[in-house]
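Contents: one structure, followed by commentary.
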Amino acid sequence: MKEKQVILNGNSLEILEYFKKNLKFERYEQSTTYGFDFEYGKGYLTVFEKYFSRNDSVASLTLHIHPLENEQVELIMIVSGSETGIFKIDWWIGKSILKTMNKLIEEFK
């Protein structure tokens with residue numbers, strides 16, 4: 001499992017919609033989204049899945065979008081399911097997913 005945390009400027013819904021749109025182009029399927037009320041606005045927990053044919057597996061990307069004060073949002077990304085087989089080989093899938101997210105984050109800024 002790999003994870004990363006970043007702080008972005010914007011509101012939670014705008015950030016959620018941005019990632020939904022752009023991850024769809026990268027062949028991710030959104031499986032579920034939950035909304036929560038926080039002190040500074042609405043936050044979201046959403047899960048995306050992507051199939052990888054090179055090792056016949058599905059990896060998931062969980063995004064926790066938590067609103068902060070001053071129109072900032074904490075984005076926590078967790079990649080799971082990328083390690084397969086008895087030896088838990090990742091085949092660089094986790095790294096690939098985080099690389100995609102890093103690119104999208106830079107484009108968002």
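The values are calculated or read from the model by the stated rules, or taken from the named source; none is laboratory data. All of these numbers come straight from a predicted model, not from anything done at the bench. All Cβ positions, even for glycine, are placed from backbone atoms using ideal geometry, and neighbour counts span all protein chains on display.
Points to keep in mind about this one:
- Looking only at residues in the range 57-79 that are crowded, with 16+ Cβ neighbours inside 10 Å and farther than 15 Å from residue 6 by Cβ, the one that is farthest from the chain's Cα centre (by Cα) is 57.
- The range 7-50 - residue that is among the basic types (Lys, Arg) and outside any strand (DSSP E or B) and, of those, farthest from residue 109 (Cα to Cα): 27
- Restricting attention to the range 35-56, the residues that are aliphatic (A, V, I, L, M) and exposed (fewer than 15 other Cβ atoms within 10 Å of the Cβ) add up to 0.
- Yes/no for residue 74 being on the phi < 0 side of the Ramachandran plot, outside any helix (DSSP H, G or I), among the acidic types (Asp, Glu) and at pLDDT below 95: no
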